[in-house]
Amino acid sequence: MRILFAASECAPFAKAGGLGDVVGALPKALHALGHDVRVVLPRYQFIATWNKRRHLKPLGVPLGSDELWCGVLEGQLPGSDVPVYFIEHDALFYGNQPYQGYGGGVNEMARFALLSRASLQLCRFLDWVPDVIHVHDWPTAWVPVLLNTVETGPDFASTATVMSIHNMAYQPRFSPDGLELLALPDSVFVSDGLEDHGEINPFKGGLYHATMVSTVSPNYAAEIRTPEFGAGLHDIMNFRGADLVGILNGIDEDVWNPATDPHLPHHYRVDALAGKAANKAALQMELGLDERPDVPMIGVVSRLNHQKGTDVLIGALDGILSLDVQVVMLGSGDSGMEDELRHRSHYGLGRFFAWIGYNERLAHRIEAASDMFLMPSRFEPCGLNQMYSQRYGTLPIVRATGGLEDTVEQCDPETGAGTGFKFNDLYEAALYATVIWAVDVYRTRPELFRTMQLRGMRKSMGWDTAAKEYAQMYEWALGRKRG
Ligand code: ADP
Ligand code: GLC
C-alpha cells in the first residue's frame, strides 16, 4: 500500500507533544511491514536544510486567488528509508514552533491550509498517488474535506483518508472567510460539516469527511462518544461510530531504551538494574536535591495545563512532599502554573525541583532516575510518558482515564501483578492517597516494587502491533472508498 502521512509535527524534526512522536515512529513500523510510506510536513524555519536534498522544481500550490510557490526538501526518518518531504514557504512557516496559537502572529488558518493543499500537490509533483492519506488532528483535517469537494479529479478518485484524533481539546475556530482560501464551496459550511456556531472548525469538518477515523487508544475511542470526553463532538463520534477505531500508540523502543539511551549517564537493563540507582544519584547531584539513595523520587514530564491535571498536582504537592519524597518536574504550558512551580522550586529545600521549559535530555534523565512517575490527567487520549516510564522501570501513578487505563496495570499486592498505581477520581485527596500507597509499597514491600518494575520493563510496547492494526484499518478504509 502507498500511504502518505500529512502532519504538522514529526519527531525529531518538529515536535510539540506526542503527535510528533507518533508521526516520527509509526511510518517506520509500517515501512517494516512492506508498505510504501512517506511523510509530508512544513519546513518550519527551525528545521535545518543543510542535510536535506532540495528538489529543483518548485511546487505550485493554489491558495485563495494566488498560486504560492513552495520549495520541496527531502530527508528521511532517522534510521530508516522513509522519505520525509518538507514544504518550504518562508512567509507561512516562519517562527520557532509549529503552533503559535491565537495572537501568535502566524495566520494558522493559512499555514495549515497551505500544508494540506500542498500535500496533495506534492503527490502530483512526485507522480505518486497514495492509496491512503493519513491526517492528524485539525491542522491536516483539511485534506479529507478537499478530497470530497475541490479535489474530485481522477487522480485521487480511489484514495481513502484516515483522520487520527490525538487531542480533541484543540479545536480552533476560524472566520468563514477561510473557505475562500481553499476554494471550498458553501455546501461544506453546514452543521454536519465544517460549520461550528457560525465559524469554521476544521477538526469537525475532518471528522465528517474522512473515510475512517481513529484515535490513539481503545478506551479513549469509547470515552469520546460521551459528553464528558467528546469536547462538544460526541454526537459526531456516535454518528461515525461504525468508522471509528481505537488503536493503542506504541513507543519508539530504540529512542526510549535505558540500555542505549545517549542522554543517560548510566545505562541499565532488566537483568542489570544497578545503573538505575546511579542515574538517580546523578540527577540528585545535577539538580541540587538531597543526595539520598533511599528517598523515593517521583518524576513528572508534562505539558502544564488543565488536561494534564497540573492544577490538582499543585494542590496535592505539599502533602506529597510531606511524605519525605523528592519530586522532580519538567514542563511548560499555562503561565500561572509555570510561575507557581518556579516559585515552589525556589523554596524546594532539596526535595522539589521544577525545570520550566522543553528539554529532551532532562525528560530522558527524569524517566531513568525516578522511582515513580506521576500523570494525573483529566483526560488522556493515549499518553506516552507512562509507557516510557514502564520501559525505564519507573512505576507510573496515573488517573485511570483514556490510554492510561489501557496501558497501566493496577498493582495487586496479593498476586504481585501490576505495573503501576491507578486512581479513578481526579481529586487531590485521591491523588495523595495513591502516592501514599505507592510510597508505602516502595518502603515496605521492596520485592513487590521490584517485581512490578521488571514486569513493566519486559512489556512489549513497540509500534509493530499498532502498525498491523493501522494496515488493517487502511484496508477497511479502501474497502469503504470503493464501496
Ligand atoms: P501530550 O502529547 O498530550 O503532551 P504524550 O504523553 O502523548 O502527551 O506525549 C508527550 C511527549 O512530549 C513525550 O514524548 C514527552 O516526553 C514530551 N514532553 C512533554 N513535555 C516535555 C518537556 N517539557 N520537555 C521535554 N519533553 C517533553
Ligand atoms: C496527544 C494526547 C496524548 C497522546 C498523543 C499522541 O497529544 O494528548 O495523550 O499520547 O497525542 O497520540
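The values are calculated or read from the model by the stated rules, or taken from the named source; none is laboratory data. What you see is a predicted model, and the numbers here were worked out from it, not measured in a lab. Here the Cβ is made from the backbone with ideal geometry for all residues, glycine too, and neighbour counts use every protein chain on show. The protein model used for the area step is the full one, side chains on, heavy atoms only, and it has no ligands, DNA or RNA in it. Shrake-Rupley method; radii C 1.70, N 1.55, O 1.52, S 1.80 Å.
Within segment 47-87, the residues that satisfy the criterion of being assigned to a loop (DSSP other than H, G, I, E, B) and open to solvent by 80 Å² or more (accessible area, probe 1.4 Å) are Trp50, Asn51, Leu56, Lys57, Ser65, Gly79, Asp81. Being buried (at least 22 other Cβ atoms within 10 Å of the Cβ), more than 30 Å from Met457 (Cβ to Cβ), in the same structural domain as Glu469 (by TED's automatic domain parsing) and over 22 Å from the mean Cα position of the chain (by Cα): is that true of Leu207 here? Spelling it out, it is not the case that Leu207 is buried (at least 22 other Cβ atoms within 10 Å of the Cβ), more than 30 Å from Met457 (Cβ to Cβ), in the same structural domain as Glu469 (by TED's automatic domain parsing) and over 22 Å from the mean Cα position of the chain (by Cα).
Filter the helices (runs of 4 or more DSSP H) completely within segment 382-448 down to those with at least 1 residues that are more than 16 Å from ligand 2 (Cβ to nearest atom) and assigned by TED's automatic domain parsing to the domain that holds Val312.
Numbers: elements: 385-391, 402-407, 428-444.
In segment 382-448, 428-444 are the helices (runs of 4 or more DSSP H) which contain 1 or more residues that are more than 16 Å from ligand 2 (Cβ to nearest atom) and assigned by TED's automatic domain parsing to the domain that holds Val312.
Only one entry of Glu195, Glu151, Glu199, Glu180 meets the criterion of being touching a Ser or Thr at 6+ places or on another chain (Cβ under 7 Å) and of a type in the set (D, E, K, R), and that entry is Glu199.
Among the charged types (D, E, K, R), over 25 Å from Asn167 (Cβ atoms) and without any contact (Cβ under 8 Å) to a residue 40 or more places away in the chain - does that describe any residue in segment 44-52? So far as segment 44-52 goes, yes, one or more of its residues are among the charged types (D, E, K, R), over 25 Å from Asn167 (Cβ atoms) and without any contact (Cβ under 8 Å) to a residue 40 or more places away in the chain. When the residues of segment 345-381 are narrowed to those that are part of a loop (DSSP other than H, G, I, E, B) and either of a type in the set (Gly, Ala, Ser) or without any contact (Cβ under 8 Å) to a residue 24 or more places away in the chain (or both), which ends up nearest to ligand 1 (Cβ to nearest atom)? The selected residue is Gly357.
May I ask you to list the residues in segment 328-344 that are touching a residue at least 12 places away in the same chain (Cβ under 8 Å) and within 28 Å of Pro98 (Cβ to Cβ)?
Going residue by residue through segment 328-344, those that are touching a residue at least 12 places away in the same chain (Cβ under 8 Å) are 328-334, 337-338, 340-342, 344.
Val328, Met329, Leu330, Gly331, Ser332, Gly333, Asp334, Met337, Glu338, Glu340, Leu341, Arg342, listed by residue number.
The set of residues in segment 371-381 that are more than 8 Å from ligand 2 (Cβ to nearest atom), closer than 19 Å to Gly17 by Cα and open to solvent by less than 10 Å² (accessible area, probe 1.4 Å) comprises Phe373, Leu374, Pro376. Flag set for Arg111, criterion: among the charged types (D, E, K, R), open to solvent by less than 10 Å² (accessible area, probe 1.4 Å) and out of contact with any Ser or Thr (no Cβ under 6 Å at 6 or more places or on another chain). Within segment 292-306, residues that are assigned by TED's automatic domain parsing to the domain that holds Ser332 have Cβ atoms under 8 Å from residues that are assigned to a loop (DSSP other than H, G, I, E, B) and within 12 Å of ligand 1 (Cβ to nearest atom) in these pairs: Ser302/Lys308; Arg303/Gly17; His306/Arg378, counting only partners at least 6 apart in sequence or on another chain.
Can you tell me which residue is nearest to Ala433 (Cα to Cα) among those in segment 350-370 that are open to solvent by less than 20 Å² (accessible area, probe 1.4 Å) and within 16 Å of ligand 2 (Cβ to nearest atom)? Looking at the filtered set, the residue picked out is Glu367. If only residues of segment 191-214 that are of a type in the set (Val, Ile, Thr) and touching a Leu at 6+ places or on another chain (Cβ under 7 Å) are counted, the one that is nearest to Pro139 (Cα to Cα) is Ile200.
One residue stands out in segment 152-172 among those that are in contact (Cβ under 8 Å) with a residue 24 or more places away in the chain and assigned to a helix (DSSP H, G or I): the one that is farthest from ligand 2 (Cβ to nearest atom), namely Asp155.
Evaluate the following for Gln45: is it polar (S, T, N, Q) and either within 16 Å of ligand 1 (Cβ to nearest atom) or not assigned by TED's automatic domain parsing to the domain that holds Tyr474 (or both)?
Numbers: polar (S, T, N, Q): yes; either within 16 Å of ligand 1 (Cβ to nearest atom) or not assigned by TED's automatic domain parsing to the domain that holds Tyr474 (or both): no.
The answer is no for Gln45.
Report yes if some residue within segment 89-102 is more than 21 Å from Pro202 (Cα to Cα) and either without any contact (Cβ under 8 Å) to a residue 12 or more places away in the chain or surrounded by 20 or more Cβ atoms within 10 Å (Cβ to Cβ) (or both); otherwise report no. Looking for residues that are more than 21 Å from Pro202 (Cα to Cα) and either without any contact (Cβ under 8 Å) to a residue 12 or more places away in the chain or surrounded by 20 or more Cβ atoms within 10 Å (Cβ to Cβ) (or both), one finds at least one in segment 89-102, hence yes. The set of residues in segment 1-44 being in contact with a Phe, Trp or Tyr (Cβ under 7 Å, 6 or more places away or on another chain), open to solvent by less than 10 Å² (accessible area, probe 1.4 Å), of a type outside the set (Val, Ile, Thr) and not in a helix (DSSP H, G or I) consists of Ser8, Ala14, Leu41, Pro42, Tyr44.
Taking the conditions exactly as written (closer than 29 Å to Gln307 by Cα and without any contact (Cβ under 8 Å) to a residue 12 or more places away in the chain), does Ser175 satisfy them or not? Judged against the criteria, Ser175 is not a match.
Residue pairs whose Cβ atoms lie under 8 Å apart, separated by 6 or more positions or on different chains, with the first residue in segment 434-462 and open to solvent by 70 Å² or more (accessible area, probe 1.4 Å) and the second of a type in the set (Val, Ile, Thr), are Arg455/Thr419; Arg458/Val270.
Can you name the residue in segment 138-180 that is closer than 22 Å to Pro381 by Cα and among the aliphatic types (A, V, I, L, M) and, of all such residues, is farthest from ligand 1 (Cβ to nearest atom)? In this case the residue turns out to be Val162.
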